[in-house]
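*Asks:* Sharing a structure below in structure tokens format, with a few things to ask.
The values are calculated or read from the model by the stated rules, or taken from the named source; none is laboratory data. Bear in mind that the values here come from a model prediction, so they are computed numbers and not experimental data. Backbone-built Cβ (ideal geometry, glycine too); neighbour counts: all protein chains shown. Just so you know, the surface numbers come from the protein's heavy atoms only, side chains and all, with ligands and any DNA or RNA stripped out. Shrake-Rupley method; radii C 1.70, N 1.55, O 1.52, S 1.80 Å.
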Amino acid sequence: MNVTVLDRKPDRGAQSHLGFIDCDVHPYVKGPNDFDPFLSKRWLEHKQTIGGRTRQGLAKTSMYPRMSPGVGMRMDSWPKTGGHPGSDLPMMQEQLLDLFDVAYGLLAPLVGGAGGERNVEFGAAMATAVNEWQLAHWCDPDPRLLGAIQVNVEHTEAAIAEIEKRAGDRRFAQVNIPPRGLEPLGRRRYWPILEACAANGFPVSLHLGGTGGHASTGGGWPSFYHEEHPSYVQTMQTLVTSLVCEGVFERIPNLKIVLVEGGFAWLPALCWRLDKHWKRLRAEVPHLKRSPSEYVHDHIWVTTQPIEEPERPQDMLSILEWIGPDRVMFSTDYPHWDQDDPRYAFKIPLPDDWKRKIYRDNARALYNLD
Amino acid sequence: MNRHVVAKVEDIQPGTRKIVTVKGREIGIFRVGDDFYGLINRCPHQGAPLCRGEIVSRLVAPSPGDYRLTRPGEMIRCPWHCWEFDIRTGQSLCDPNSVQARAFDVAVEPGRALVEGPFVAESVPVTVEETYVVVTL
Ligand code: FES
């Protein structure tokens, strides 16, 4: 049968997408010098004469272009005025914020390289600069946009100082940590930073990407981007498992973790596996007082994009039910090539109360927004 | 159904496209060699402006490492999630039997014929000397 799928109308509750909260919006720099005004002379000169040192194995190799010509961006998001997708606020307003009357957009800046910088003092300086840049270029001009505090987790004191400096500043919604680090995030060396996030009321967002310096899969480097893509899921699984097994949620009961851009359909199966083995291996991890799935449900939120598209679309409802519709938050990933459109991302209509939660209320409650 | 004059033939060079609006619908008119095709400018996946994507070939590999670039310039790749569609038919590469972008009838007509028959030329003035691209919709 040859079905022409076209002129598909947005599903019946389309209006309820208006005013949604977008949990993954990518701002970009207009030019390489955008951060300079926010760096001290000492670090500006470093940036200009020495530059960054990432954990990526091969110098000047890039994880992009990633399929879509250019740099892995939605092709219609290149500003007419020049510059890079995501660098132009009026265009972001036109294509996203105003188009859908977005209530809040949570910024996920993947620029500046602060998180993966090997020179941790420089990484800390870049983190501060990127934070100031978010305020000056995005959050202040459009208060719907909420910043994500950048830190370099290998510099504990500086990271904590940065978190504490931003505490109480409602322009920042969360702390952003790249999920690919030197060690799994649950390790003790990171606890003081995670404690600072929780103590200052910031959820921690783990947005996929980053260069940990390790092969991106446990079995070695992938050949194709198609192969790389699911490796992001493996990274997310590693972090969830690490945070649970190390007892982080026992130690920091008010820690909230948001997994961004990792999809979510894999989470229930991971929990089933962890629960099964917890029954057998409890003696090894006696600090876990509850089943792994309980920790996951109490402490972990997921964002939707890139949303899974099950072969039988209605299976999505089961997946959402297993995770809990109170833990799923809509995200577009604008302006990346694989972004989701709020009108069409879900292939089945959601129950109205789930829809309200997923598009708005969960994020509103988590980030304490009005 | 009406016949709409949407461009002069020379306005659309081989390997290029032009996006036109007919009855409020955006349609991409593609020229592959000397043939013209029309596709709705709306991706069946999530509604992106399909016809603004890259025009590419159809790359096939009968076995790993054995690559054949076939049908150059006959596929359009969506500017968002990169699903590919056959410009000639609108059929998708990922799921040709059930996912399709609507295709429109496109013909080339001499101005002389158009001047005689009924047609709609909202934005393209027609003269007998020229040749035109005509969409039926
Ligand atoms: S909107 Fe075209 S591939 Fe998704």
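*Asks:* I'm trying to understand the selection: among the residues of the range A:111-125, which are part of a helix (DSSP H, G or I) and within 15 Å of residue A:40 (Cβ to Cβ)?
*Replies:* The answer is A:121, A:122, A:123, A:124, A:125.
*Asks:* Counting only residues that are open to solvent by 40 Å² or more (accessible area, probe 1.4 Å), touching a residue at least 40 places away in the same chain (Cβ under 8 Å) and within 14 Å of chain B (Cβ to nearest Cβ), which one in the range A:305-347 is nearest to the ligand (Cβ to nearest atom)?
*Replies:* A:343
*Asks:* Hey, another quick one. Quick one: residue B:95 ticks every box in (1) under 18 Å from the mean Cα position of the chain (by Cα); (2) closer than 26 Å to residue A:332 by Cβ bar one, so which box is it?
*Replies:* Of the numbered conditions (1) under 18 Å from the mean Cα position of the chain (by Cα); (2) closer than 26 Å to residue A:332 by Cβ, the odd one out for residue B:95 is (1).
*Asks:* Next up: Just to check your reading of the model, which residue among A:166, A:171, A:180 is open to solvent by less than 50 Å² (accessible area, probe 1.4 Å), within 18 Å of the chain's Cα centre (by Cα) and of a type in the set (D, E, K, R)?
*Replies:* Details: A:166 fails: within 18 Å of the chain's Cα centre (by Cα); A:171 fails: open to solvent by less than 50 Å² (accessible area, probe 1.4 Å).
Answer to the selection: A:180.
*Asks:* If you check residue B:107 against the conditions, is it farther than 21 Å from residue A:76 by Cβ, open to solvent by 20 Å² or more (accessible area, probe 1.4 Å) and under 12 Å from the mean Cα position of the chain (by Cα)? Write out each step before concluding.
*Replies:* Working: farther than 21 Å from residue A:76 by Cβ: yes; open to solvent by 20 Å² or more (accessible area, probe 1.4 Å): yes; under 12 Å from the mean Cα position of the chain (by Cα): yes.
The answer is yes for residue B:107.
*Asks:* Let me ask something else about it. Applying the selection to the range B:47-59, what residues are surrounded by fewer than 20 Cβ atoms within 10 Å (Cβ to Cβ) and within 11 Å of the ligand (Cβ to nearest atom)?
*Replies:* Here is the first cut: in the range B:47-59, the ones surrounded by fewer than 20 Cβ atoms within 10 Å (Cβ to Cβ) are B:47, B:49, B:52, B:54-59.
Answer for the range B:47-59, where residues must be surrounded by fewer than 20 Cβ atoms within 10 Å (Cβ to Cβ) and within 11 Å of the ligand (Cβ to nearest atom): B:47, B:49, B:52.
*Asks:* Of the residues that sit in the range A:351-367 and are over 18 Å from the mean Cα position of the chain (by Cα) and in contact (Cβ under 8 Å) with a residue 40 or more places away in the chain, which one is least open to solvent (accessible area, probe 1.4 Å)?
*Replies:* Of everything passing the filter in the range A:351-367, A:355 is least open to solvent (accessible area, probe 1.4 Å).
*Asks:* In the range B:35-46, which residues are within 13 Å of the ligand (Cβ to nearest atom) and not charged (D, E, K, R)?
*Replies:* Passing the criteria: B:39, B:40, B:41, B:43, B:44, B:45, B:46.
*Asks:* Can you find a residue in the range B:59-71 that is polar (S, T, N, Q) and assigned to a loop (DSSP other than H, G, I, E, B)?
*Replies:* Checking the range B:59-71: not a single residue is polar (S, T, N, Q) and assigned to a loop (DSSP other than H, G, I, E, B).
*Asks:* Has the range A:202-218 got any residue that is more than 25 Å from residue A:105 (Cβ to Cβ), of a type outside the set (A, V, I, L, M), open to solvent by less than 50 Å² (accessible area, probe 1.4 Å) and in contact with a helix residue (DSSP H, G or I) (Cβ under 7 Å, 6 or more places away or on another chain)?
*Replies:* Checked the range A:202-218: at least one residue is more than 25 Å from residue A:105 (Cβ to Cβ), of a type outside the set (A, V, I, L, M), open to solvent by less than 50 Å² (accessible area, probe 1.4 Å) and in contact with a helix residue (DSSP H, G or I) (Cβ under 7 Å, 6 or more places away or on another chain).
*Asks:* Moving on. Tell me the residue from A:230, A:222, A:253 that is touching a strand residue (DSSP E or B) at 6+ places or on another chain (Cβ under 9 Å) and surrounded by fewer than 16 Cβ atoms within 10 Å (Cβ to Cβ), please.
*Replies:* That would be A:230, the only listed residue that is touching a strand residue (DSSP E or B) at 6+ places or on another chain (Cβ under 9 Å) and surrounded by fewer than 16 Cβ atoms within 10 Å (Cβ to Cβ).
*Asks:* Would you mind stating whether residue B:30 is modelled with pLDDT of 95 or more and within 14 Å of chain A (Cβ to nearest Cβ)?
*Replies:* No: the conditions fail for residue B:30.
*Asks:* Please work out which one of (1) within 20 Å of residue A:308 (Cβ to Cβ); (2) crowded, with 18+ Cβ neighbours inside 10 Å is the condition residue A:278 fails and give its number.
*Replies:* Evaluating residue A:278 over (1) within 20 Å of residue A:308 (Cβ to Cβ); (2) crowded, with 18+ Cβ neighbours inside 10 Å leaves (1) as the failure.
*Asks:* Of all residues being within 16 Å of the ligand (Cβ to nearest atom) and among the polar types (S, T, N, Q) in the range B:60-104, which is surrounded by the fewest Cβ atoms within 10 Å (Cβ to Cβ)? Just the residue, please.
*Replies:* B:98
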